[in-house]
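The next block holds one structure in the form of structure tokens; read it before the comments.
The values are calculated or read from the model by the stated rules, or taken from the named source; none is laboratory data. Owing to the predicted nature of the structure, the values given are computational and were not obtained by experimental measurement. Glycine also receives a Cβ, built like all others from the backbone with ideal geometry; neighbour counts cover every protein chain displayed. These area figures cover heavy atoms from the full protein model, side chains too; ligands, DNA and RNA do not enter into them. Shrake-Rupley method; radii C 1.70, N 1.55, O 1.52, S 1.80 Å.
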Amino acid sequence: MLELIHEIWSTLRQNKLRTTLTGFAVSWGIFIIVVLIGSGNGLMNALMNNAGDEIRRIIRVYPGSTSIPYQGMRENTRIRFSDRDMAFSKEFSPLIDEVYGTVSFSDTLSFGREALSSTVFGVSPEYLASSNWLKLIGGRFINKLDMDQFRRSIVIDNSAASQLLGDDRDYSKIIGRDINLGPNTFKVVGIVEAEEGDWGHSSYAPFSTVRKMKTEGTWLNNLDIKFHGLETKEENEQFEAAYKRAMSTLHNASPEDTRTTYLWNMYMQNQEMDKAMRIIRTALWILGMLTLLSGIVGVSNIMLITVKERTHEFGIRKALGARPASILKLIVAESIVITASFGYIGMVLGMLANEAMDKSLGSHPMDVGFTQLYIFKDIGVGLDVAVEATLLLIVAGTIAGIIPAWKGARVRPIEALREGK
């Protein structure tokens, strides 16, 4: 074994330039595949972070307006949701588990001498999970006790908290404190991240409390439908079409009028995102493999050149009694040493590059005006993936070296000695 290692080292040392160029092709191939997969993971992690990583079986329903005159109802008649729509939706299908309503109004928030205008949403506890743009950064959100006991609890955004505290950035100071919402006193129980842009301040209070305070009607802004059992795109589309027809009929509009109700199916959105991410992952692996192939071809070519240069040597070995298996083992071992050593270097450099990109690109969100989004997040690959890619390269390099090795092992001594003259 030591003799084999010494012989391989001697051969590689005598052909430094050739070995270095071949090794560079191998290292570059594994480096590119590790960086590509790491960047792809960072992109997909960012998408999941921006959209929310939970697959939510929730359909958000918004009222629209009529687009078709029907039985005396004119075109462009505005549709308004009420408690009747919520009750109807609960009974619409056995696939529906829960239906939650949302109401809103605008009023003034004040704390001490500070005051500001805010849109207040009366919501259920499930609203946070169904709103992927809403991020809780302190305290808690509205809970079931708030709803059942009609508590005057409120969640405000961090921008409002900062202004109410006199531009103090320590938002936690206002949690647990009483603030005024118009003429009423509410206790701040949580802080959410403010939406950037010209949307103004948003606050969230229990749906039951807001509905009790606002006695002018039973109108709703929108509905959230929590469902189960709809797994395929076709099933979801059939459910949505049937629900739209039923809602149009409920509001005395044409059953064929699709604009009376707008649906945002978060489950299907996540399903489409998963499909897109699988395509991205497959494309990255294909690109990486093609790059890796260039390194493998390089190994195969260099082994062919090695066999050609050492034909005379192999002839002498066979004339002295060397078996074809020993020559085959020598060439294959040389191929493995090149791919394994330079593949390991490429793997380490690729992981270091991923780490550097994560610190520079994956740690800072980009401000897009109305919110902050990550382009890359947690860039990198697991050690298992990097090792598997390197082992794949070693196996492929071994296979690439077998053909030249087989050619060298079959050389006839008389032909090899004649070629060396």
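Here are some notes:
- Applying the condition of being part of a helix (DSSP H, G or I) and open to solvent by 80 Å² or more (accessible area, probe 1.4 Å) to the stretch 368-394 and asking which residue is modelled with the highest pLDDT yields Leu391.
- Of all residues making up the stretch 121-148, the number that are assigned to a strand (DSSP E or B) and closer than 21 Å to Val61 by Cβ: 3
- Pick from the stretch 113-154, criterion in contact with a Lys or Arg (Cβ under 7 Å, 6 or more places away or on another chain) and among the small types (Gly, Ala, Ser), ranking: most open to solvent (accessible area, probe 1.4 Å): Ala129
- Any hit, the stretch 126-141, residues being free of Cβ contacts under 8 Å to residues at least 40 places away in the same chain and of a type in the set (Lys, Arg): no
- The listed residues are Asn265, Asn236, and the only one of them that is without any contact (Cβ under 8 Å) to a residue 40 or more places away in the chain and either open to solvent by less than 50 Å² (accessible area, probe 1.4 Å) or aliphatic (A, V, I, L, M) (or both) turns out to be Asn236.
- Ala253 meets the conditions (1) hydrophobic (A, V, I, L, M, F, W, C); (2) outside any loop (DSSP other than H, G, I, E, B); (3) more than 28 Å from Met147 (Cα to Cα); (4) in contact (Cβ under 8 Å) with a residue 24 or more places away in the chain in every case but one. The failed one is (2).
- Number of residues in the stretch 73-100 that are surrounded by 13 or more Cβ atoms within 10 Å (Cβ to Cβ), part of a strand (DSSP E or B) and without any contact (Cβ under 8 Å) to a residue 24 or more places away in the chain: the value is 0.
- Qualifying positions in the stretch 168-187 - open to solvent by less than 70 Å² (accessible area, probe 1.4 Å), assigned to a helix (DSSP H, G or I) and under 11 Å from Phe111 (Cβ atoms): Ile174
- Taking the stretch 268-293 as the range and being within 30 Å of Ala340 (Cα to Cα), under 15 Å from the mean Cα position of the chain (by Cα) and surrounded by 14 or more Cβ atoms within 10 Å (Cβ to Cβ) as the test, the residues that pass are Ile280, Arg281, Leu284.
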